[in-house]
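One structure is given here, and the rest of the page talks about it.
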Amino acid sequence: MKKLVDLHVHSNESDGSYSPADIITFAANAGMSAVALTDHDTISGLAAASCRANDFPQMAFIPGVEISAEYSPGLMHILGLGINPDDEGLAEVTAGLRDARANRNPQIIQKLRDMGIDISLDEVLEASCKAAGPDSVLGRPHIAMVLVKKGFVKDLSDAFEKFIGTHAPAYVPKDHLSPSQAIAAINNAGGTAVLAHPVQLECTNELQLETLVRKLIHAGLGGMECYHSSHNDIQTRTYLKIAKKLGLIITGGSDYHGAGKPDVSLGHPAVPLSVVGEENIRRWSGQACGHPA
Ligand code: AMP
Ligand code: FE
Ligand code: FE
Ligand code: ZN
């Protein structure tokens with residue numbers, strides 16, 4: 001049987017709905033040979049995930065993170081795979097990003113309240129599926145959940161479209177790192193910086209993407225997430241072509257969020273371990289609990 005990996009998964013330390021330990025159990029039950037926990041702006045779930053991973057010696061656990069970088073018109077997310085969970089620099093950088101969010105969330109809520117939408121920060125905390133840990137991440141998806149729950153919108157996309165999306169009235173921009181800063185923070189923590197879901201950059205053609213990726217490589221990018229639940233076959237083939245041409249490590253993952261993105265399942269799309277490279281998986285998982293790949 002082909003060995004498969006899922007190198008992009010969220011827990012309730014950011015906007016997923018299951019705990020880091022549950023994520024590990026689900027991934028093992030799904031038969032994954034490796035899984036990476038890649039929460040937005042926090043590494044607070046890695047210790048619990050790493051502990052649970054000891055119960056599944058057949059599966060490599062890869063400590064990761066996902067950092068949003070300054071970019072327009074689309075979104076640029078950089079995954080850090082194989083980071084040292086105890087790296088102080090990365091802890092500091094992610095703490096700064098969480099502080100920025102802590103300032104932003106009340107501003108979004110205030111804008112909503114000014115529009116007559118009665119929601120509170122406490123309700124948003126409750127929607128985050130966990131007692132608010134000091135390092136856990138609260139974001140727009142949690143605000144959207146409250147808007148759905150209270151009947152202001154029909155679903156999460158409706159919430160982004162009508163209220164909190166980039167072009168909606170209660171939108172508040174978030175402070176970002178530059179792409180080079182995000183890449184450097186990951187490299188300094190011993191990880192590999194990987195361009196997540198390139199489709200979300202919204203490049204208009206292949207050459208534009210290739211030019212951008214070349215710049216990111218110059219800044220220290222090491223891989224590209226060619227396989228992702230939001231890529232169609234044509235996109236996947238294009239990204240594989242660019243990654244091979246530019247000598248990047250090919251990665252892939254589901255971007256599983258649990259209930260927040262019900263159409264996405266752990267382990268889908270199928271990402272063969274052989275495409276990512278056994279050597280890379282071993283190197284990335286080596287940092288976690290001395291766990292063999
Ligand atoms: P934040 O980091 O707080 O700005 O929230 C961004 C997150 O919101 C993204 O990572 C997505 O998971 C989610 N998101 C963004 N746009 C949408 C949308 N249109 N529908 C549902 N979820 C979205
Ligand atoms: Fe997310
Ligand atoms: Fe992302
Ligand atoms: Zn993600």
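Rule-based calculations on the coordinates, nothing more; no lab input. None of these values were measured; they are calculated from a predicted model. Counting neighbours? That spans all protein chains shown, and the Cβs are built from the backbone with ideal geometry, glycine included.
A count restricted to the range 38-93 and to residues that are of a type in the set (Asp, Glu) and closer than 21 Å to LEU209 by Cβ stands at 2. Among the residues making up the range 181-200, those that are surrounded by 18 or more Cβ atoms within 10 Å (Cβ to Cβ) and either aliphatic (A, V, I, L, M) or in a helix (DSSP H, G or I) (or both) are ALA182, ILE183, ALA185, ILE186, ALA189, ALA193, VAL194, LEU195, ALA196, PRO198, VAL199. Answer yes or no: is there a residue in the range 210-221 that is more than 18 Å from the chain's Cα centre (by Cα) and among the acidic types (Asp, Glu). Yes, the conditions are met somewhere in the range 210-221. Only residues that are surrounded by 14 or more Cβ atoms within 10 Å (Cβ to Cβ), outside any loop (DSSP other than H, G, I, E, B) and within 16 Å of ligand 2 (Cβ to nearest atom) were counted across the range 240-276, and they come to 4. Within the range 7-38, being of a type outside the set (S, T, N, Q), surrounded by fewer than 22 Cβ atoms within 10 Å (Cβ to Cβ) and not in a loop (DSSP other than H, G, I, E, B) holds for ALA21, ASP22, PHE26, ALA28. Taken together, the residues in the range 44-69 that are assigned to a loop (DSSP other than H, G, I, E, B) and within 14 Å of TRP284 (Cβ to Cβ) amount to 1.
Here's the yes/no breakdown for (1) touching a residue at least 60 places away in the same chain (Cβ under 8 Å); (2) touching a strand residue (DSSP E or B) at 6+ places or on another chain (Cβ under 6 Å); (3) over 30 Å from GLY286 (Cβ atoms):
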| residue | (1), (2), (3) |
| --- | --- |
| GLU123 | no, no, yes |
| MET145 | yes, no, yes |
| SER180 | no, no, no |
| CYS203 | yes, no, yes |
| ARG214 | no, no, no |
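When SER136, SER157, SER128 are screened for being surrounded by fewer than 16 Cβ atoms within 10 Å (Cβ to Cβ) and either closer than 15 Å to SER14 by Cα or away from ligand 4 (no atom under 16 Å from the Cβ) (or both), only SER157 passes. Would you mind finding the one in LYS215, LYS162, LYS154 that is in a loop (DSSP other than H, G, I, E, B) and basic (Lys, Arg)? Result: LYS154 is the single residue among LYS215, LYS162, LYS154 that is in a loop (DSSP other than H, G, I, E, B) and basic (Lys, Arg). All but one of (1) of a type in the set (Lys, Arg); (2) more than 17 Å from the chain's Cα centre (by Cα); (3) within 26 Å of LEU37 (Cα to Cα) hold for ARG98; which doesn't? Unmet for ARG98, out of (1) of a type in the set (Lys, Arg); (2) more than 17 Å from the chain's Cα centre (by Cα); (3) within 26 Å of LEU37 (Cα to Cα): (2).
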